[in-house]
Amino acid sequence: MHLEKRISALLEATQNWLNKDNEYLSTAYDQTVREGFFSFEDVKYALLAIREAVSETAVRDWVQRAGLSDTSSAEGQNVLCLHAGNIPLVGFQDAFAAILSGATYYGKISRKDPYLLPTFLNEVKKTGVFSDIDIQWVHSLKHLEGLQTDKILFAGSEDSVPGVKQRIEELHLASSKTRYLVRTAHFSIACLANPQDLRMEELVEAVFRYGGKGCRSVAIVVAPVGLDEVKSELTDHVRDFWSKNPQQESPGPRLKYRYAYNRAITRTQVWLNDFLLQEGGLEMDQDFICYWVQGDEQKAAELAAGAGDRLQSVYVTDSETRIPGFEERTELLSVAQAPPLDWKPDGTDTLEWLTER
């Protein structure tokens, strides 16, 4: 199939999918919220972010940068996407890229986000450009047993990777030639270099949206001032954010133990009942904690280097700010939770990787 047809079909499908009169998406939205997978506000935010990200210009620019063409594509390849479900529609980019690449798309829908992505895939099929063979998805890998894949994409912690690969082998879904793209990034860092412009609203959005569960969510803040100097202002912004975007999940008792420990050693912290901000002590051993570190761009670079494969991005508030050694991972804080269509999970261009032979 010609690339132009795929581009037109995906743009048409996205527009129809996001149409306010789309009853299928509305039903999936309601089910997702009613069954407690994600909050109303977080699903709305995710859909608005996709609406802003997907345009003809964005798609064509991505195609050009990735080197995708009629003569350089993934046509004839079977691509399996094991979609994550830590935040709503986190698998959208993988699905969009796989279909755009020309590959035969097979998706394993996450049990933690079972309703939303299939409504988009249905809209793609309804364009009539793709056959039933081109786009398929399941809710259990068992239903794809014996499928020989050329490429497999999935995200998860480093600890989960062996188990996932073992399951793939048990179901004979891969061969010795199958290529894997495994994403293991867990969090991002924000560097607020300008003491006169700490961008509290943008920072709170980046830290607290989705309860901090996304790899683009900020878990470490590097700032020129200590937490004690901004804790009152920061708390006000968090309370305001939560009044409009209630946190879906509550942490377990371990968070209270950490709070008690911090008090015992007189560590500066901000206790928010369902979230904890603390200065220093970067253990990175549980969710619902954001760490505040006083420092500059060099300190941010040191922390980024120490994070290794767990790091997704480093955010700055000024495009002129440089994080030594992490220029390619540096993005603006304002787009932390609403990335462009062609953003690079774990530093890899998904469409470019799919197109490689």
Task: Inter-centroid distance (Cα atoms) of segment 120-193 relative to segment 1-54, Å - done: 20
Open item on the list: Relative contact order of the chain, please, whole-number percent, based on alpha carbon pairs below 8 angstrom and at least 6 residues apart.
Closed with: 20
Open item on the list: To the nearest 20 Debye, how big is the dipole of the chain about its Cα centre, given +1 on the beta carbon of each Lys and Arg and -1 on that of each Asp and Glu?
Closed with: 900
TODO: Only Lys, Arg, Asp and Glu count, each charged at its Cβ (+1, +1, -1, -1), so figure out the dipole size of segment 48-114 about its Cα centre, rounded to 20 debye.
DONE: 280
TODO: For LYS299, list the lysines whose Cα falls under 17 Å from its own Cα; do not include residues on the same chain fewer than 8 positions away.
DONE: none
- [ ] Report the local net charge at GLY36: Lys and Arg +1, Asp and Glu -1, summed over other residues whose C-beta lies under 15 Å from its C-beta.
- [x] -2
- [ ] May I ask for the net charge around ALA155, where only other residues with Cβ less than 14 Å from the Cβ of ALA155 are counted and Lys, Arg are +1 while Asp, Glu are -1?
- [x] +2
TODO: On each of the three principal axes of the Cα atoms of segment 143-249, give max minus min coordinate, whole Å, ordered largest first.
DONE: 58, 28, 19
Task: Sequence of MET200, MET1 from largest to smallest accessible area, 1.4 Å probe - done: MET1, MET200
Open item on the list: Give me a comma-separated list of calculated 3J(HN,Hα) values for segment 279-295, in order, Karplus coefficients 6.51, -1.76, 1.60 applied at θ = phi - 60°, integers in Hz, x for any Gly or Pro.
Closed with: 8, x, x, 6, 8, 6, 10, 7, 7, 6, 10, 10, 9, 10, 10, 7, x
- [ ] Among VAL293, THR266, GLN278, flag the residue with its Cα farthest along the positive direction of the charge dipole of segment 262-310, charges on Cβ as +1 for Lys/Arg and -1 for Asp/Glu.
- [x] THR266
Task: DSSP-defined antiparallel bridges as percent of all bridges, segment 208-349, nearest 5 - done: 20
Open item on the list: Please list, in order along segment 339-346, the HN-Hα scalar couplings obtained from phi with the Karplus expression 6.51 cos²θ - 1.76 cosθ + 1.60 (θ = phi - 60°), rounded to whole Hz, x for Gly and Pro.
Closed with: x, x, 4, 9, 4, 10, x, 6
Task: Of all accessible heavy-atom area on the chain, the percent that carbon and sulfur account for (1.4 Å) - done: 46
Open item on the list: Per DSSP helix of 4 or more residues, -39500 (n - 2.57); summed, then divided by the residues of the chain. What does that give at 222 nm, rounded to the nearest 500?
Closed with: -12000 deg cm²/dmol
Open item on the list: At R0 = 51 Å, how high is the FRET efficiency between LEU282 and ILE133 if r is their beta carbon distance? Nearest 0.05 is fine.
Closed with: 0.55
Task: For a label point 7 Å along the Cα-to-beta-carbon line of GLU158, residues of segment 176-194 with backbone N under 17 Å - done: 182-188
Task: Dipole of the chain, positive direction: furthest Cα of TYR210, GLN196, TYR257, with charges on the beta-carbon - done: TYR257
TODO: For ARG254 and THR266, calculate 0.36 nm times their separation in residues minus their Cα-Cα distance, and state this gained length in nm to one decimal.
DONE: 2.5 nm
TODO: Would you mind checking the pairs LYS244/LYS344; LYS231/LYS256; LYS44/LYS108; LYS112/LYS165; LYS177/LYS344 and listing those with alpha carbons more than 27 angstrom apart?
DONE: LYS244/LYS344
Task: Long-range amide H partners of VAL222 with built H, under 5 Å - done: ALA190, CYS191, LEU192, VAL293
Open item on the list: With θ taken as phi - 60° and the coefficients 6.51, -1.76 and 1.60, list the Karplus ³J(HN,Hα) couplings across segment 242-252 in order, rounded to whole Hz; mark glycine and proline as x.
Closed with: 5, 5, 9, 9, x, 5, 6, 10, 10, x, x
Open item on the list: Suppose every Lys and Arg Cβ carries +1 and every Asp and Glu Cβ carries -1, with no other charges. What dipole size does segment 83-166 come out with about its Cα centre, to the nearest 20 debye?
Closed with: 160
Task: the chain: antiparallel DSSP beta bridges as a percent of all, rounded to 5 - done: 10
Task: Rounded to whole Å, sorted largest first: equivalent-ellipsoid semi-axes of segment 68-180, Cα gyration tensor - done: 21, 18, 13
Task: Most mobile of GLY128, GLY36, GLY347 in a GNM of the chain (Cα contacts under 10 Å) - done: GLY128
TODO: Find the percent of Cα-Cα distances in segment 230-357 that exceed 20 Å, and round it to a whole number.
DONE: 58
- [ ] Excluding residues fewer than 8 places away in the same chain, name every one of the aspartates and glutamates whose C-alpha is closer than 15 Å to that of LYS125.
- [x] GLU12, ASP134
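The values are calculated or read from the model by the stated rules, or taken from the named source; none is laboratory data. Please read all numbers here as calculations on a predicted model, not as lab measurements. Using ideal geometry, Cβ is built from the backbone for each residue, glycine included, and neighbour counts are taken over all protein chains shown. Accessible surface is based on the protein model in full, side chains and every heavy atom, while ligands, DNA and RNA are left aside. Shrake-Rupley method; radii C 1.70, N 1.55, O 1.52, S 1.80 Å.
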